[in-house]
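A short write-up of the structure that comes next.
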Amino acid sequence: MGELRAYAALAGAQARSVFSYRSSFVIELVGNVGATVFDVLTVLVLFRATDRIGGFTLPEALLMAGITSAGFALADFVVGNVDRLKTYVRAGTLDAVLVRPLAALPQLLLMDLPIRKLVRVVFGFGVLAVAIGLNDPDWTPARVSLIVLAPLSCAVFMGSIFVISASLAFWWVDSGELGSAFTYGGKDFASYPITVYGPAFRGLFAYALGFAFISYQPALALLGRADPLGLPSWAGFAAPVAAFAVAAVAAGVWRTGIRHYRSTGS
Amino acid sequence: MIKTEDLRKDFAVRVKSGRFRREKRTVEAVAGVSLNIGAGEMVGYIGPNGAGKSTTLKMLTGVLSPSGGQVEVCGLRPVPQRTKLALRIGVVFGQRSQLWWDLPLGESFALLRHIYRVPAAEHRERLRRCRELLDLDGFMDTPVRQLSLGQRMRGELTAALLHGPRVLFLDEPTIGLDVVSKQAVRSFLAELGGTGDVTLVLTTHDLADIERLCERLVVIDHGRVVHDGTIEALHARYGSRRSLVADLSSPLPEGFELPGATLIGVEADRHRVTFALDGVTAGAAVADLVAAVPIRDLSVVEPDIEDVVARLYVSGAP
């Protein structure tokens, strides 16, 4: 209990810090709305050129984009700022975090909680709601639980990818933007039906890295469509399993990374 | 309270050895440090830049994991039991802040109470004492980013003490401070150490900190302890002596000898002389000198610790 209050206090402090620069907060907020709207506009624009993409209609594709968008926005809000870790490692600021009686990762996340990104979360779930409305699925108890689990699993999955790619900084201080290939790249990948990609690329991102299970498969299960690529229908419910597996990897990488932390002089 | 046994930390450094080739080389930042610091001790930990002071401190506080050896602080192993240990130690890094940059100083203290889960009454009492001793009242409502370095450092000290730590680690607490702020920090630490409740370990480049605060001095160079003992022991070991400087009314006679002392300086037509005292008391030396020559003025000069330490750093080089 005491620890939870400590974390709440940290988050509150971050909020007050942000609001101490009011105008820059408003500008960032507006900028974030813009960035998120463009993500969905790209999907819509594609469908102006064709009415089917990878064998799916616009509402069906929008459902995949919606799950990804909601899950990613949530992950980006809570965990996305972990990519500032490389700055902390380079400057040695992590020292101050490590001498406090709290776990390092939650502290880092709460100390930088990007409140401006809350707008993206609202927007992402809005897209998901619209997509569900357009598709009007046949509601079974399994599908009801899936519509809750899918965006959450997607968020856990994406959040773990954020942590893994940020942890590179423990070994390789100038890891630069390499991690973004997997975080933002993964989000873009999972925003479209995976049938549009070539087999090699799809094999790597969709199945080896697991991005198929966070939006494409759950969307199929919600729509009651068979997978043109041949996976059985229960694959749609594999999202939490995939999320859990990646989260376990992320936890391991983070723990190993922090033991590798080298700090800086004096 | 603090125990280390053959503590080491190696860093792998990649060095360019050709246009595209890089060689991996291991640098020993700390190469086998064994220390035993008891409760209530005040220990100065000094050494030249890059000697391994900060690295040792980071291993003691659980920030860095050791490459080898044993380390125990407050009966805990720093890295595996980091969060538990954090409740019992306070840390001040002179060049890193524990405070919230954009919030008023007072709010940082309130936050730390939650982070360390300190009962409200204890927190209030400790804060009251710090406010009094460190004179914080004038800037409790100022955002930390607007504080002067001296004010911030007083804030950092308070922040490190609000949870009542058993051990306080200070990494260059007086770096960059003006004379007045240095004095304020030193007398606060002297008072704190005087109570005997807190074990203090401080690294510094300002030897006046050590002379003022620490009975025990640990000197480290190239990752190894080159001295561990009192300042007096250091002087004795390196043969630094007190000296007697006298202004004479008439020139010192040729061939004059002072028992137990060596003439090491003659100035102003033999009117000003300096003797190094080898084991003889200052009183006896003065008496002998006055008996031989009339004296106008005299002073006893304590050995300069800076000189001793500078010699130590140079002789420690490989």
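The values are calculated or read from the model by the stated rules, or taken from the named source; none is laboratory data. These numbers come from a predicted model, not from an experiment. Glycine also receives a Cβ, built like all others from the backbone with ideal geometry; neighbour counts cover every protein chain displayed. Protein only, heavy atoms only, side chains kept; ligands, DNA and RNA dropped before computing areas. Shrake-Rupley method; radii C 1.70, N 1.55, O 1.52, S 1.80 Å.
Looking only at residues of segment B:87-103 that are within 7 Å of chain A (Cβ to nearest Cβ) and aromatic (Phe, Trp, Tyr), we find that the one that is surrounded by the fewest Cβ atoms within 10 Å (Cβ to Cβ) is B:100.
Across segment B:63-78, the number of residues qualifying as surrounded by fewer than 22 Cβ atoms within 10 Å (Cβ to Cβ) and touching a Lys or Arg at 6+ places or on another chain (Cβ under 7 Å) comes to 7. In the set B:122, B:132, B:172, only one residue is acidic (Asp, Glu) and on the phi > 0 side of the Ramachandran plot; that residue is B:172. Looking at segment B:165-232, what strands (runs of 3 or more DSSP E) fall wholly within it and have at least 3 residues that are more than 14 Å from chain A (Cβ to nearest Cβ), surrounded by fewer than 20 Cβ atoms within 10 Å (Cβ to Cβ) and touching a residue at least 12 places away in the same chain (Cβ under 8 Å)? Output list reads B:224-230.
Return yes or no: is residue B:31 touching a Gly at 6+ places or on another chain (Cβ under 8 Å), more than 14 Å from chain A (Cβ to nearest Cβ) and either open to solvent by 20 Å² or more (accessible area, probe 1.4 Å) or touching a residue at least 40 places away in the same chain (Cβ under 8 Å) (or both)? When the stated conditions are applied, residue B:31 passes them. Flag: residue A:138 matches the condition of being touching a residue at least 40 places away in the same chain (Cβ under 8 Å) and not aliphatic (A, V, I, L, M). Among the residues of segment A:70-107, just one is part of a helix (DSSP H, G or I), within 17 Å of residue B:83 (Cα to Cα) and either more than 14 Å from chain B (Cβ to nearest Cβ) or β-branched (Val, Ile, Thr) (or both), namely A:97.
Kindly indicate whether any position in segment B:256-269 is part of a helix (DSSP H, G or I), crowded, with 17+ Cβ neighbours inside 10 Å and at pLDDT below 80. No, segment B:256-269 has no match at all. Say whether the condition of being open to solvent by 10 Å² or more (accessible area, probe 1.4 Å) and more than 14 Å from chain A (Cβ to nearest Cβ) is met by at least one residue in segment B:41-52. Looking through segment B:41-52, at least one residue is open to solvent by 10 Å² or more (accessible area, probe 1.4 Å) and more than 14 Å from chain A (Cβ to nearest Cβ). Restricting B:24, B:58, B:84, B:16 to those that are surrounded by fewer than 19 Cβ atoms within 10 Å (Cβ to Cβ) and at pLDDT 90 or above reduces the list to B:84. Pairs linking a residue in segment A:244-262 that is outside any helix (DSSP H, G or I) to a residue that is open to solvent by less than 30 Å² (accessible area, probe 1.4 Å) and small (Gly, Ala, Ser), with Cβ atoms under 9 Å and 6 or more positions apart or on different chains, are A:261/B:65; A:262/A:92.
Residue by residue, here is whether (1) among the aromatic types (Phe, Trp, Tyr); (2) in the same structural domain as residue B:201 (by TED's automatic domain parsing); (3) modelled with pLDDT under 90 holds:
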site: B:100; (1), (2), (3): yes, yes, yes
site: B:120; (1), (2), (3): no, yes, no
site: B:123; (1), (2), (3): no, yes, no
site: B:128; (1), (2), (3): no, yes, no
site: B:137; (1), (2), (3): no, yes, no
site: B:146; (1), (2), (3): no, yes, no
site: B:173; (1), (2), (3): no, yes, yes
site: B:179; (1), (2), (3): no, yes, yes
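When A:131, A:200 are screened for being more than 30 Å from residue A:91 (Cα to Cα) and surrounded by 22 or more Cβ atoms within 10 Å (Cβ to Cβ), only A:131 passes.
Selection of first residues in segment A:188-204 that are outside any loop (DSSP other than H, G, I, E, B) and of second residues that are open to solvent by 30 Å² or more (accessible area, probe 1.4 Å), restricted to Cβ pairs under 6 Å at least 6 apart or on distinct chains, gives the following pairs, ordered by first then second residue: A:194/A:202; A:195/A:54; A:195/A:55; A:195/A:228; A:196/A:54. Close contacts from segment A:13-32, counting a first residue that is within 12 Å of chain B (Cβ to nearest Cβ) and a second that is part of a loop (DSSP other than H, G, I, E, B) and open to solvent by 50 Å² or more (accessible area, probe 1.4 Å), with Cβ to Cβ under 9 Å and a gap of 6+ residues or different chains, come to A:17/B:101.
Here segment B:115-138 is the region considered, the condition is being farther than 18 Å from residue B:153 by Cβ and open to solvent by 50 Å² or more (accessible area, probe 1.4 Å), and the residue that is nearest to the other protein chains (Cβ to nearest Cβ) is B:117.
Of the residues making up segment B:191-207, those that are of a type in the set (A, V, I, L, M) and under 12 Å from the mean Cα position of the chain (by Cα) are B:200, B:201, B:202, B:207.
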